Structures are given as C-alpha cells and as structure tokens.
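Structure below; questions to follow.
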C-alpha cells in the first residue's frame, strides 16, 4: 500500500467491535467521521478483488486533496445496497460510483448527491434491449403476457430496473418465477434472474425462457451475445438512454472537499499519471458533468425504480 495515502480496506463485515476486526484483519478500523480521511465505498461480494480495482484511483486522488485537508484515504466495502445506504447516511462513506438504478436509490434512501457521470470504455450512456428468438410470435411488450423474461440481477439498471419499469408502464403485471420451468399466469409476465448476460442469451436460445434483456452494450459484445446466437434473435423493444454510472457523494460532506474531488476526477482523463488507475477503476475512461438530459433521464428512472420496488418486489 502507498504510504502517502494511508489506505486501509475495511471489509463488508466492518460493523463489529474493533478488537474482533483487528484479530481478523491485522488492523484496527480508523476512527469514524475523521474529516482528514476520504472514504471511497463499494458494494461488494468480493472485497479483495474490488479493493485492487479501487485502490489505485484513491491513491491518485488523495494527494491532490491536501489543499482541503485530506491526509489519507480508506476503502469501505458494504455487503449489500442497504448497508451502503446506511454507511452514507451515517457519514462513514464519502463517495461511491454506482450504476444509475442504484444511484437514484441512494439519492432517495441516503440523501446522496449525484455529482458526475462515469464513462466506462468510452460509453457514458446505455439502454435496455428486449429480445426474443426470430421464430417467436412475440412482437411487442404487450405480447409478453403469459410468457417469461430473463433479467440479470435485482440491482441491474439495464437488465432489471429499466425493463421492469417499461413493462409496468405498458400495463403488464409481473410475477417472479421459481425456475425456467415455471410458467406465469396468462395475464402476467413471469420473470427470473439469470445472474449473467451469457446465461440470459443461452436461456433464450435454448427456449428455457421466451425473452431476455441486455444493455445495448452487451448486445454488441461477442462475449455476452455469442455470434452463433445473434442471428437467431430479434429486438422487440428498447428503453431510453440513461447514464451508465455516476459518482455520488454523501450528504453533509464538506463543500470544499466535494468541489475539489469533482475537479480532481474531471481532470484525471487528461493526466497521464491517472491512466492506469482509471483503467483499473472498472474500465473508467473519464468523468463528465451531469447534463440536463442526464438529470431528466435519472428523474424518469427514479420514478420507474420506485414503482418497481412498490409493485413488483
């Protein structure tokens, strides 16, 4: 670890007595709410791997924050969304990068503020793509009644929140299925979580489900949509674009720290010293201001996410 930044990983089970944590990790957790420490958070089921992705960018950022009193950095992992929202409400995490769906939830539940759009691999926006087999009778979202659709995970923006809100807007009911073998009622769309994009495309290709959803970026990826499958699929609907990911800061963060963090992140794309750190940080290519169009898309998404949480979950 770089001595200049004083980085420390605090894993997802951080809410334990300091002595117990020290016995497991070899380090005691630093004091809470130390304003000289900048804390970067992440929701993770693999803290060690994600720490290696986050550490270089935090090491780049911290020395450039000295003018606003930042002396060291820390990475705090949360085991799930609820724990991260709690960390941000309590001031234990200062900033995170999240997909749009989780970002609007953190705005709603943790009073977090979206600060920048995160461009990854050259793409700052994306959208959802509903697809079926070419020989399917399904032509529109309304035709999905009595059929099944595969999403990715309960916290995916492009492969759950966006498409689920589209189905609700089109007047559909939605029911969670027990397995691909389960069938929904004739007046409802059955849905499942396939966990990976490749599983989604495989399930549709093998006729285990009637439809699938990917982001438009995954739709163009041979790793997620094998070329051998692509010719057998057709698109039946697409959502509007939303920001691919956002940087959020917690409520109550010193405005001078927030402003300096914003400047450092926006300048990083043109700084050769930040190149490798940006690449490791989930393939980030640059950080961009949130445009009026982005904010409108996020507000519409927030309404859809709230409806999905209320009517489906």
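Computed from the coordinates by the stated procedures, all read-outs in this text should not be read as laboratory data. Quantities reported herein were computed from a predicted structural model and do not represent experimental measurements. Neighbour counts are summed over all protein chains in view; Cβ atoms, including those assigned to glycine, are modelled from backbone coordinates with ideal geometry.
Considering the zone a paramagnetic label at residue 231 would reach in this model (a point 7 Å from Cα along the Cα-to-Cβ line), which residues of region 189-203 have amide N under 18 Å from it?
202
Another question about this same structure. Between region 125-180 and region 234-313, what's the alpha-carbon centroid distance in Å?
What the calculation gives is 24 Å, centre to centre.
What is the order of 51, 60, 161, 155, fewest Cβ neighbours within 10 Å to most?
Values: 51 20, 60 23, 161 29, 155 16.
Ascending number of Cβ neighbours within 10 Å: 155, 51, 60, 161.
Could I ask something else about it? Between residue 266 and residue 35, what FRET efficiency comes out of the Förster formula 1/(1 + (r/R0)^6) with R0 = 25 Å and r the beta carbon distance, rounded to 0.05?
Working: r = 23 Å, r/R0 = 0.91.
E(calc), rounded to 0.05, equals 0.65.
Return the FRET efficiency for the residue pair residue 153, residue 259: r is the Cβ-Cβ distance, R0 is 41 Å, and the value is rounded to the nearest 0.05.
Numbers: r = 34 Å, r/R0 = 0.84.
About 0.75, to the nearest 0.05.
If you build a Gaussian network model of the chain, linking Cα atoms that sit under 10 Å apart, which residue out of 99, 157, 118 swings the most?
99
So, one more: Please give the contour-minus-distance gain from residue 79 to residue 52: 0.36 nm per residue of separation, less the Cα-Cα distance, rounded to one decimal in nm. Display every interim value, and only then the final one.
Values: separation 27, 0.36 × 27 = 9.72 nm, distance 1.68 nm.
In short, 8.0 nm is gained.
Given the rule -39500 (n - 2.57) for each run of at least 4 DSSP H residues, summed and divided by the residues of the chain, what is its mean residue ellipticity at 222 nm, to the nearest 500 deg cm²/dmol? Mind dumping the intermediate values first?
On the way: 11 runs with 108 residues, N = 313.
Theoretical 222 nm ellipticity from helices: -10000 deg cm²/dmol.
Further, regarding this structure: List 105, 176 from most exposed to least, where exposure is judged by having the fewest other Cβ atoms within 10 Å. The partial results should precede the final answer.
Working: 105 22, 176 12.
Taking fewest neighbouring Cβ atoms as first place, the list is 176, 105.
Tell me the label-point distance for the pair residue 183, residue 300, using the 7 Å Cα-to-Cβ offset, in nm and rounded to one decimal.
With each label point 7 Å from Cα toward Cβ, the separation is 3.6 nm.
Provide Rg and Dmax in Å for the chain, with only Cα atoms included in the calculation.
20.9, 63
Between helix 255-268 and the chain, what is the angle of the helix's C-alpha long axis to the longest principal axis, kept within 0 to 90° and rounded to the nearest 10?
Approximately 70 degrees, to the nearest ten.
Using alpha carbon centroids, what distance separates region 182-229 and region 58-121, in Å?
Their Cα centres are 32 Å away from one another.
Mind running the shape call on region 128-239? Use the C-alpha gyration tensor, a ≥ b ≥ c as the square roots of the eigenvalues: rounded below 1.5 for a/c, prolate if a/b tops b/c, oblate otherwise. It would help to have the intermediate numbers written out before the result.
Values: a/c = 1.42, a/b = 1.33, b/c = 1.07.
Rounded.
Would you mind telling me which residue in 186, 129, 37 has the biggest mean-square fluctuation in a Gaussian network model of the chain, where springs connect alpha carbons within a distance under 10 angstrom?
Judging by the Gaussian network model, the answer is 186.
What is the extension gain from residue 169 to residue 206, computed as 0.36 nm multiplied by their sequence separation minus the C-alpha to C-alpha distance, in nm to one decimal? Could you put the intermediate results ahead of the total?
Working: separation 37, 0.36 × 37 = 13.32 nm, distance 2.87 nm.
Extra length available between residue 169 and residue 206 comes to 10.5 nm.
When DSSP assigns beta bridges and you keep just the ones with both residues in the chain, what percent turn out antiparallel, to the nearest 5?
Among the beta bridges of the chain, antiparallel pairing accounts for roughly 55 percent.
Report the residue, chosen from 114, 100, 170, that carries the largest GNM mean-square fluctuation when the chain is represented by alpha-carbon nodes joined by springs under 10 Å.
Taking springs between Cα atoms under 10 Å, the residue moving most is 170.
Report the paramagnetic label zone for residue 238: residues of region 193-221 whose backbone N is under 13 Å from a point 7 Å from Cα along the Cα-to-Cβ axis.
Answer for this model: 214-220.
7 Å from Cα along Cα→Cβ at both residue 123 and residue 293: what's the point-to-point distance in nm?
Result for the modelled spin labels: 1.6 nm.
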